[in-house]
Amino acid sequence: MVDKEQAANAIVNAVVSSYGITSIYPDFPRFSNQKPGRHNNIIWPMVNGFFAKAAVAVGQYKTFDHELNSLISLALDEDKGNYGFFEIYNPYTGKPDGGYQFGENDPEHHWVSCRLQTWSATAFINMVHAGLLGFRFMPDGILFQPHLPNGIQVAELSGVRYRNARLDITIKGKGTRIKSFKLNGKQQTKAFVSSSAKGNVAVFFKNMKLSKTIFFLSVFLGSTFVQAQGNHDWANFGRYAEANKTVKQPVRAVFMGNSITEGWAGADPDFFTDNNYIGRGISGQVTSQMLVRFQADVVQLKPKAVVILAGVNDIALNNGYIAVQHIFENIVSMTELAKQHKIRVVLCSVLPAHHFPWRGEVESINQIRELNEKIKSYARENKIAFVDYYSAMVDERQGLNVKYQRDEVHPNLEGYKMMEQVVQKALSKIL
């Protein structure tokens, strides 16, 4: 019913009480803070469970944390008479309260909030599964994207039945980024349990907290200015700072991107050195970060051309939610910055991705198509070279063809060789 941007705005702008989201806000006129309406402006944990899951889906983990902690406190606050999952709670006091019901000609009735309610307990279990443990059920198995809020360093869930397997899950650390994932003590490259797993399976995660910063970005005629709280190098200027000092002129082309571009320079370094190309990809980066460092890692190197491959990590919510239109606008800003400095531009389609192994809940296929169409149309209208990796590498699933992939997002060497054929045709026309 709504797109991702509308969903995120709905989550962020919702009025949430100290004890979580209420069923309806504000009160109907006949109710008040002293007499909240039944299933009106009142805490109904079933609703909180759905709201928390929606927050996870759009990357609003602060909202999720509030809902999780609120329901825990409501269920375990013996001072308020709570010990277990009640049906309904008062949003002002946190006490079990069934709410009031009355109308113009109806007598006032104050309902009791019943104990031992399975829909309230199920809402909490759903928060644990979808948010804390990050279950993402796929046709061929479970993807995991766990999240540990502040104050929770270890989470364990034992005896989880999944088809023919019994999962004992342990998560340690903080945040949402998976640093290590093991099955039965063996390190894995993907946080995934196959649907064919059998018997007891020990699942272990170690998470690494994502650094956060508040930043201000201004781009004017190729000048980029950043102010950040703290000393965190949000855009990772340091990644290529020393290498940029030793770049030999002239540079034919700089390849700007994320892990796909970074991995390319490592998988086939001869392609770059033989053609006097420079790779400036940084793993995990979104278009906002690339735009911030574009001056340092592209413009100041004075290349004849820049090849821009960006956007997949934005769609994967690596830095939180961003609409496809705004991803596109960041790519346009990089293009305009390059043109301002007389650098020729090659715009690239995002590679196909059936799903994101680290963010299984995100719908990738349609968003990638939408972004690629915007980039292609913009390139055509502005007479900019466009490279269509997508069409050359997509399979019948609308994912990355297995013969070209290291995983669902990243190419193998054969994939990079295919990309080289495609991009060289474009570069040969403008260099």
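The values are calculated or read from the model by the stated rules, or taken from the named source; none is laboratory data. Given the structure is predicted, the values throughout are model-derived calculations rather than measurements. Note that each Cβ is placed from the backbone with ideal geometry, even for glycine, and that neighbours are counted across all protein chains shown.
Some notes on this structure:
- Verdict on Gly263 being touching a residue at least 60 places away in the same chain (Cβ under 8 Å) and either of a type outside the set (Lys, Arg) or assigned to a strand (DSSP E or B) (or both): yes
- Residue identified as part of a loop (DSSP other than H, G, I, E, B), within 18 Å of Ile384 (Cα to Cα) and more than 22 Å from the chain's Cα centre (by Cα) among Lys342, Lys304: Lys342
- Complete set of residues in region 24-61 that are within 18 Å of Ile72 (Cα to Cα) and hydroxyl-bearing (Ser, Thr, Tyr): Tyr61
- Candidates Lys182, Lys172, filtered to the one that is basic (Lys, Arg), over 19 Å from the mean Cα position of the chain (by Cα), in a strand (DSSP E or B) and under 23 Å from Gly320 (Cα atoms): Lys172
- Any chance Ile152 is assigned to a loop (DSSP other than H, G, I, E, B) and either surrounded by fewer than 14 Cβ atoms within 10 Å (Cβ to Cβ) or not small (Gly, Ala, Ser) (or both): yes
- Residue ID - nearest to Glu414 (Cα to Cα), chosen from residues in region 236-271 that are buried (at least 16 other Cβ atoms within 10 Å of the Cβ) and of a type in the set (Ser, Thr, Tyr): Thr261
- Evaluated against (1) touching a strand residue (DSSP E or B) at 6+ places or on another chain (Cβ under 8 Å); (2) buried (at least 20 other Cβ atoms within 10 Å of the Cβ); (3) modelled with pLDDT under 95, Ser364 falls short on exactly one condition, (1).
- Qualifying residues in region 286-333 (those that are at positive phi and modelled with pLDDT of 95 or more) - the one surrounded by the fewest Cβ atoms within 10 Å (Cβ to Cβ): Lys302
- Long-range neighbours under 7 Å by Cβ, at least six apart or interchain, first residue of a type in the set (D, E, K, R) within region 191-205, second part of a strand (DSSP E or B): Lys198/Ala165
- Filter result for the condition that a residue is more than 27 Å from Ile331 (Cβ to Cβ), at pLDDT below 90 and not hydrophobic (A, V, I, L, M, F, W, C), over Gly238, Gly185, Gly222: Gly185
- Subset tally (residues that are part of a helix (DSSP H, G or I) and either touching a residue at least 40 places away in the same chain (Cβ under 8 Å) or under 18 Å from Ala310 (Cβ atoms) (or both)) for region 393-420: 7
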